[in-house]
1. Of Ser209, Ser19, Ser111, which has the largest mean-square fluctuation in a 10 Å C-alpha GNM of the chain?
2. Quick query: amide H of Ile50 versus all other amide H atoms, modeled in the peptide plane; which residues come in under 5 Å with a sequence gap of 5 or more or a different chain?
3. What does the charge add up to near Thr162, with Lys and Arg as +1, Asp and Glu as -1, over the other residues with Cβ less than 14 Å from its Cβ?
4. Roughly how big is the chain's charge dipole about its Cα centre, with Cβ charges of +1 (Lys, Arg) and -1 (Asp, Glu), in debye to the nearest 20?
5. Counting only GluC sites (Glu not before Pro) that are in a DSSP loop and have at most 12 other C-beta atoms within 10 Å, tell me the longest site-free stretch of the chain.
6. Does the chain classify as rounded, prolate or oblate by the C-alpha gyration tensor (a ≥ b ≥ c root eigenvalues; a/c under 1.5 gives rounded; else a/b over b/c gives prolate, otherwise oblate)?
7. Can you tell me how the stretch 105-154 classifies by the Cα gyration tensor, rounded, prolate or oblate, using a/c under 1.5 as the rounded cut?
8. Below 8 Å, C-alpha to C-alpha, sequence gap of six or more: please give me the relative contact order for the chain in percent.
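Derivation of every value follows stated rules applied to the coordinates shown; laboratory data play no part. Because the structure is predicted, anything quoted here is derived from the model rather than measured. No Cβ is skipped: glycine too gets one built from the backbone with ideal geometry, and neighbour counts run over all protein chains shown.
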Amino acid sequence: MTKLVSLKEAIARHVPDGSAVALGCALEPAIPFAAAHELIRQRKRDLRLIGPISDIAFDMLIGSGCVAEVHAAWVGNVSAGLAHCYRRAMEQGIPRRIIVRDHSNFTMALSLLAGALGAPYIATRTLLRSDIPRANGTFKEATSPWDGSKVLLIPPLVPDVTIIACQRADADGNAHQWGPWGVSQEAALAAKTVIVLADEVVDRAVIASDPNRTICPGIKVAAVVHVPGACHPSPLQGRYARDHEFFHEYHRATREAAGFERWIAEWVTGVPDHAAYLAKLGPRWTALRETGEPAAEARF
């Protein structure tokens with residue numbers, strides 16, 4: 001059976017309610033907003049989101065009532081400031097209360113690495129004097145058997161599904177990504193399954209020609225989706241630039257819950273799919289693509 005499916009089918013088939021979903025693990029670039037939008041359209045519920053910094057993707061999902069729990073180092077709007085939906089959920093329970101497991105970027109990396117290795121924990125000395133272990137609630141203090149010093153044991157995170165966006169992938173799901181990886185590879189290897197959103201689907205020989213770019217092996221991948229522009233408004237190196245103003249527009253529009261509902265209706269639930277979303281952007285999208293650097297070429 002082919003792994004090439006539509007985004008609608010990939011989300012419906014591989015992300016049931018209650019799933020632990022890792023996305024946006026490359027930090028500010030390569031955030032799979034198209035997948036976040038489809039999760040909202042399909043009204044997924046009780047999701048447990050995992051990711052260090054996923055900009056407004058997490059905020060949209062929280063505001064849409066999709067989220068029960070968040071494991072993250074930060075939830076916000078990088079260039080504009082606060083994540084208004086996240087704040088309403090935490091302070092007022094609008095649209096619902098959520099559980100938050102605080103991390104640093106480093107402990108997020110350690111948790112996903114432990115999941116990828118199948119390790120019961122990874123020991124570190126970082127955060128021993130911070131409030132994050134208390135706020136997280138799953139870290140454990142222990143004593144090193146080597147020198148008797150205190151260490152902090154970071155348990156694994158094992159996403160049910162990791163969603164990654166990349167410049168290109170083959171039909172088997174072997175994915176090339178250039179630019180910052182963040183902890184995307186750890187999240188993919190830790191996950192039970194992976195969905196790949198590819199800006200371009202290429203022949204297997206293209207991926208095999210440059211294996212060092214392969215962020216995820218096809219054996220981990222359940223679905224490959226051809227979604228040009230999947231990361232807008234975040235950037236994808238070599239394909240399109242960041243839409244800075246879009247983040248500021250979202251910030252201004254979502255200060256109040258009613259404003260968020262109007263914004264989601266206009267940009268997410270009011271458009272049938274990501275192709276329609278890009279069409280709605282119109283010349284703005286064309287300009288972003290024109291400013292990107294040329295894509296790296298495969299080497300044969």
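1. So, out of Ser209, Ser19, Ser111, the one fluctuating most is Ser209.
2. Val21, Ala22, Leu23, His71
3. +1
4. Roughly 600 debye for the chain.
5. 1-255
6. Since a/c reaches 1.5 but b/c is at least a/b, the shape of the chain is classed as oblate.
7. The shape class here is oblate.
8. Averaging sequence separation for qualifying contacts and normalising by length gives 20 percent for the chain.
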